[in-house]
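Chemist: Below is one structure. I have some questions about it.
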Amino acid sequence: MRTILLLIFLCFNITARAQNTFEKVIDTLGCVVANCIQETFDGGYVFCGMSSYNGNDAVVVKLDSIGTIEWAKTYFGAGTEAAMYLEQTPDSGYIVNVSDFSNAKTCLYRLNNLGDTLWTKSFSAGVGSTSAVLPNSMASVYNSTVYGLTGYYSNGGWPSTFFIACLNSGFLLTSKVYNTAVFGNDSRAINNTLDGGFIMTGGISITSSSSDIYLIRTNTYGDTLWTRHYDKSQADAGETVIQTSDSGFAIAAYVFNGQYSDIYLIKTDSIGDTLWTKNYNFYSDQGPNSIQQTNEGGYIITGSAFDSNVGRGLYVIKTDAGGDTLWTRIFNAGVSNNCTGYYVRQTKDGGFIISGIAQMVQGGTYIIKTDSLGLVNSITGLAEINNALQFDLFPNPSSGIFTVKVKGLPKSDSFLQVYNITSQLIYSCPLNNGVAQLIDLSSYPSGIYVAVLSVNQIIASRKIIIQN
């Protein structure tokens, strides 16, 4: 009987973790956009983007498995900076690609596991200006020892062109500029290939009034192996690319349908020849920013789409291996009509983690963790706007008896609610400004719970741990 109960308990916990979802708008340290997010070795998440502080700084934020902030750091430079892409390194630190827009430079930041800076490097692909303007601007090969960075390069004006900078840690191995079009081209994304090289996509201007999707495959040092371009409409551009499990490639692009843009998926073989294409136009205007092949062999894509009911929302498409749509989802942060998804990855539990922007009064990073069907179904899915409330709950962990103290509450009613990991409400009480209040949860089993403070339309949450 004990064995059966233990198995039931284990299955319950696995199921609970598998269903863990949340949806948050986070403006901690002035965060205004999350360009990239990754699942970390400890089961949490880390995202990077831009902060509105100091005339716009790069920012990196670490979250735990339910989306609670563990730490947040901004990185002050000489001009306007934004962190475009990051990866976790084998020592649990981070490597971050930062675009220095003011000085037209691309930077590499090496951080430890707490986000403290170990070193930085700044460089250009030539004597002109160099910058990464979109997410997916960095890829690593050979166990995160060689990095390829891409973006646009411009020598004193128009036209711009692809560049790649290949680095071993912070040391420049080589840089290349690809002057392949009279009317210019620009690189939107880079990814690694199975043989230790890189694949890049973007747009190439064939004439002064038209552009095609462009693909470049290189070796580790940026030497061109082959190029391809694909013509779907008058104005096309590849936005993100991956190598697939069959050694081919999948490119998510935007194409102009005569009035609006559509999402266009191209599947190629290992040398870039087209195997099949799919066009997605469920809404009146949409575009992709990130793609990944799923565990099932299909694809997950995020970007933005305009829907008459919710305005411009963060858009997610799940397809099968042939590109046929399994489901679509659109999120708008509950109060915003201008949201965009910049990055998506499948998580260890089969769900998806998505980062982007929710442009509200001043904007905020938009972080969504869904289940395998693209749904958010837990209380931690409430949009969270960080604010001046000082919400303390201690000791934490404890045996279940906690003290709650909140400063900065308005005169209107506020409530504390506590939920278990399966989103069941287990406790609720009103709160008074500046008064320490005792809550007793000692009758509940050991585990992780979420305390949610509700003040008017403001939501703040804290993870609490009971250890009986």
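The values are calculated or read from the model by the stated rules, or taken from the named source; none is laboratory data. Just so we're clear, the structure is a prediction, and the values are computed from it rather than from any experiment. Counting neighbours? That spans all protein chains shown, and the Cβs are built from the backbone with ideal geometry, glycine included. Just the protein is used for accessible areas: all its heavy atoms, side chains included, with ligands, DNA and RNA removed. Shrake-Rupley method; radii C 1.70, N 1.55, O 1.52, S 1.80 Å.
Chemist: Once amide H atoms are placed 1.01 Å from N in the peptide plane, what residues at a sequence separation of 5 or more from Met84, or on another chain, have their amide H within under 5 Å of its amide H?
Modeler: Here Asn97, Val98, Ser99 satisfy the definition.
Chemist: Under 17 Å between alpha carbons, and skipping anything fewer than 8 positions from Lys369 in its own chain: which lysines qualify?
Modeler: Of all the lysines, those that pass the test against Lys369 - Cα under 17 Å, at least 8 places apart if same chain - are Lys24, Lys62, Lys318, Lys348, Lys463.
Chemist: Does the range 227-356 classify as rounded, prolate or oblate by the C-alpha gyration tensor (a ≥ b ≥ c root eigenvalues; a/c under 1.5 gives rounded; else a/b over b/c gives prolate, otherwise oblate)?
Modeler: In terms of gyration-tensor shape, oblate.
Chemist: Please work out the FRET efficiency for the pair Ile465 and Tyr53, using the Cβ-Cβ distance as r and a Förster radius of 35 Å; give the result to the nearest 0.05.
Modeler: My answer for the efficiency is 0.65.
Chemist: Please give the length that would be gained between Gln234 and Ser270 if that part of the chain were fully extended, namely 0.36 nm times their separation in residues minus their C-alpha to C-alpha distance (nm, one decimal).
Modeler: That works out to 10.3 nm of additional length.
Chemist: Sticking with this one: Given a Förster distance of 30 angstrom, what is the FRET efficiency for Asp223 paired with Thr117, based on the Cβ-Cβ distance and rounded to 0.05?
Modeler: Efficiency, rounded to the nearest 0.05: 0.40.
Chemist: Tell me, in nm to one decimal, what length is gained between Phe171 and Ser442 on full extension, where the rule is 0.36 nm per residue of separation less the Cα-Cα distance?
Modeler: 92.1 nm
Chemist: Rounded, prolate or oblate: which fits the range 173-268 when a ≥ b ≥ c are the square roots of the eigenvalues of the alpha-carbon gyration tensor, with rounded for a/c under 1.5 and prolate only if a/b beats b/c?
Modeler: oblate
Chemist: Here is a follow-up. Given a 1.4 Å probe and the protein chains all in place, what does the accessible area of Lys62 round to, in Å² to the nearest 10?
Modeler: In the full protein context, Lys62 sits at about 10 Å².
Chemist: Arrange the residues Leu194, Leu314 by how much accessible surface each exposes, largest first, with a 1.4 angstrom probe.
Modeler: Ranked from most to least accessible, the order is Leu194, Leu314.
Chemist: Sticking with this structure for a sec: How far apart, in nm, are two points set 7 Å out from the Cα along the Cα-to-Cβ line at Lys348 and at Asn279?
Modeler: Result: 4.2 nm between the two label points.
Chemist: Accessible area of Trp276, 1.4 Å probe, to the nearest 10 Å²?
Modeler: Counting only protein heavy atoms, Trp276 exposes about 60 Å² to solvent.
Chemist: Something else now. Considering the zone a paramagnetic label at Leu194 would reach in this model (a point 7 Å from Cα along the Cα-to-Cβ line), which residues of the range 225-251 have amide N under 13 Å from it?
Modeler: Answer for this model: 243-250.
Chemist: Return the FRET efficiency for the residue pair Thr403, Thr145: r is the Cβ-Cβ distance, R0 is 45 Å, and the value is rounded to the nearest 0.05.
Modeler: E between Thr403 and Thr145, to the nearest 0.05, is 0.40.
Chemist: Tell me whether the range 166-227 comes out rounded, prolate or oblate; compute the Cα gyration tensor, take square roots of the eigenvalues as a ≥ b ≥ c, and use a/c under 1.5 as the rounded threshold.
Modeler: It comes out prolate by the Cα gyration axes.
Chemist: Collect residues whose amide H, placed 1.01 Å from N in the peptide plane, falls under 5 Å from the amide H of Lys232; neighbours closer than 5 in sequence don't count.
Modeler: Ile213
Chemist: Extension gain Phe76-Asp246, at 0.36 nm per residue separation less the Cα-Cα distance, in nm?
Modeler: Between Phe76 and Asp246, full extension yields 57.0 nm more.
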